[in-house]
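The values are calculated or read from the model by the stated rules, or taken from the named source; none is laboratory data. This structure is a prediction, so every number in the text was calculated from the model and none was measured. A quick note on method: Cβ atoms are made from the backbone with ideal geometry, for glycine too, and the neighbour counts reach across all protein chains shown.
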Amino acid sequence: MKVHEFDRLEHKLGLKIRNSGDRLAWFEYEGKVIVRTKRSHVNKDLPSNLIRQQLKVNEQEFSGLISCTVSLADYVEILKRKGLIDTSSTAAAKGSE
């Protein structure tokens, strides 16, 4: 994975970032941190398998994120399907309106 591909993922998924020894990035949904990942500041190939695992997606989903065939909404649905985003709180909030 190239650095510019990681940067594209940051923007596409709206990852929050912080620069420290590495570039830390995390995905928040409704104010809660769901997944975290990081990359080196060095401009070289990044360990895509590790980043894929940290983002909690399989190879096909990861490829879709990079090639832009998987949208932010699709990514949220993937995380909900995997139980990483609690859908009961979202349903309860909608029901109380």
Search the stretch 21-45 for residues being of a type in the set (Ser, Thr, Tyr) and either under 16 Å from residue 67 (Cβ atoms) or touching a strand residue (DSSP E or B) at 6+ places or on another chain (Cβ under 9 Å) (or both), and hand back the single one that is modelled with the lowest pLDDT.
40
Is there a residue being closer than 24 Å to residue 88 by Cα, more than 11 Å from the chain's Cα centre (by Cα) and not polar (S, T, N, Q) anywhere in the stretch 20-30?
yes
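Tally the residues that are of a type in the set (Phe, Trp, Tyr) and under 15 Å from residue 1 (Cβ atoms), restricting the search to the stretch 22-71.
We begin by selecting, within the stretch 22-71, every residue of a type in the set (Phe, Trp, Tyr); these are 26-27, 29, 62.
Now drop any that are not under 15 Å from residue 1 (Cβ atoms), which leaves 62.
The number of residues fulfilling the criteria is 1.
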Considering residues that are modelled with pLDDT under 90, closer than 20 Å to residue 16 by Cβ and out of contact with any helix residue (DSSP H, G or I) (no Cβ under 8 Å at 6 or more places or on another chain), the number found within the stretch 46-86 is 2
Considering only residues that are of a type in the set (A, V, I, L, M, F, W, C) and touching a Phe, Trp or Tyr at 6+ places or on another chain (Cβ under 7 Å), which ones fall in the stretch 32-50?
33, 34, 35, 46
